[in-house]
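In what follows, a single structure is set out as structure tokens and then discussed.
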Amino acid sequence: MTIAVYPGSFDPVTLGHQDIIERTAQIMDHVIIGVLKNNSKSPLFSVEDRVKMLESVTSHLDNVSIQSFDGLLVDFVHQNHAQVIVRGLRAVTDFEYELQLAQTNRVIAPDIDTIFLTTNLKYSYLSSSIVKEIADYQGDISGFLSPGIARLVREKLSKERKNEQQD
Ligand code: PNS
């Protein structure tokens, strides 16, 4: 049984992530989405909210489960008896960072391999940070996120704007 871990911040999950999850679920016996807890990027959503959002967009996939994790990715992979890390590659700009991540992980855990899926061309420009920036300026994010997730992002940012106005 081949178990893959698809790790990330997912702040929030985009249609690009969903595409990678669906394609990985077709190739692997089981996919564990690992949501990074301690994120230096100071996430918009709590890890609990990010897990819930991922659960809602993957509920139709029987062989996908979601967990949060803290610490080293390779430790999380070992704890879950997984053999493979999956990452999406959008453009050449991703390559250097992804290569460094994969090679470092391979040095500290030689039994784990990283495989890359090229992102669907439709989503090759897409990132959670870009989506948050557009939403922050109240632009249309409906083409980038599932409808339920887009609603949550709009609500969260509008709450934050109200709080800032009150301060
Ligand atoms: O979606 P992201 O933010 O690009 O995902 C990055 C992630 C979570 C894959 C990476 O930051 C990670 O693996 N963090 C866990 C800590 C770790 O193992 N670091 C050493 C890897 S070289």
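The values are calculated or read from the model by the stated rules, or taken from the named source; none is laboratory data. For clarity, every value in this text was computed on a predicted model and none was experimentally measured. Note that each Cβ is placed from the backbone with ideal geometry, even for glycine, and that neighbours are counted across all protein chains shown. These area figures cover heavy atoms from the full protein model, side chains too; ligands, DNA and RNA do not enter into them. Shrake-Rupley method; radii C 1.70, N 1.55, O 1.52, S 1.80 Å.
Quick one: order HIS30, HIS78 from most to least accessible surface, probe 1.4 Å. Can you show the working numbers first?
Numbers: HIS30 40, HIS78 80 Å².
Solvent-accessible surface, decreasing: HIS78, HIS30.
For segment 73-80, what does the Karplus curve 6.51 cos²θ - 1.76 cosθ + 1.60, with θ = phi - 60°, yield as ³J(HN,Hα) per residue in whole Hz, taken in order and with x for Gly and Pro?
Running phi through 6.51 cos²θ - 1.76 cosθ + 1.60 with θ = phi - 60° gives 4, 5, 5, 4, 5, 4, 4, 9 Hz.
If you count only protein heavy atoms and use a 1.4 Å probe, how large is the accessible surface of MET53, to the nearest 10 Å²?
10
Expressed as a whole percentage, what fraction of the accessible surface of the chain belongs to carbon and sulfur atoms when a 1.4 Å probe is rolled over the protein heavy atoms? Walk me through the numbers on the way to the answer.
Values: 4810 of 9450 Å².
It is 51 percent, rounded to a whole number.
Would you mind calculating the relative contact order of segment 53-167 from Cα pairs under 8 angstrom and at least 6 residues apart, reporting the percent as a whole number?
Working: 72 pairs, mean separation 23.5, N = 115.
Computed value for segment 53-167: 20 percent relative contact order.
Using alpha carbons only, what's the Rg to Rh ratio of segment 1-97 with Rh from Kirkwood?
Details: Rg = 12.8 Å, Rh = 13.7 Å.
Here the Rg-to-Rh quotient is 0.93.
What residues qualify as long-range amide H neighbours of ILE85, i.e. H under 5 Å apart, gap of 5 or more or another chain, H built at 1.01 Å from N?
VAL5, ASP113, THR114, ILE115
Taking K and R as +1 and D and E as -1, what net charge do the other residues with C-beta under 12 Å from the C-beta of ASP19 add up to?
Values: positive: ARG23, ARG90, LYS122; negative: GLU22.
Summing Lys/Arg as +1 and Asp/Glu as -1 gives +2.
Compute the normalised compactness of segment 42-145: alpha-carbon radius of gyration over 2.2 N^0.38 Å, N being the residue count.
On the way: Rg = 15.7 Å, N = 104, 2.2 N^0.38 = 12.8 Å.
The reported ratio for this selection is 1.22.
Against the longest principal axis of the chain, how steep is helix 147-166, in degrees 0 to 90 to the nearest 10, with axes from Cα atoms?
50
For segment 1-78 and segment 93-140, what is the separation of their C-alpha centers, rounded to whole Å?
13
Spelling out what I want: for every residue of segment 93-108, take phi, set θ = phi - 60°, compute 6.51 cos²θ - 1.76 cosθ + 1.60 (Karplus), and round to whole Hz; glycine and proline get x.
Values per residue, Gly and Pro as x: 5, 6, 4, 4, 5, 5, 5, 4, 4, 5, 5, 5, 4, 6, 5, 7 Hz.
Using a 1.4 Å probe, what is the accessible area per residue for the chain, in Å²?
Working: 9450 Å² over 167 residues.
Value returned for the chain: 57 Å² of accessible area per residue.
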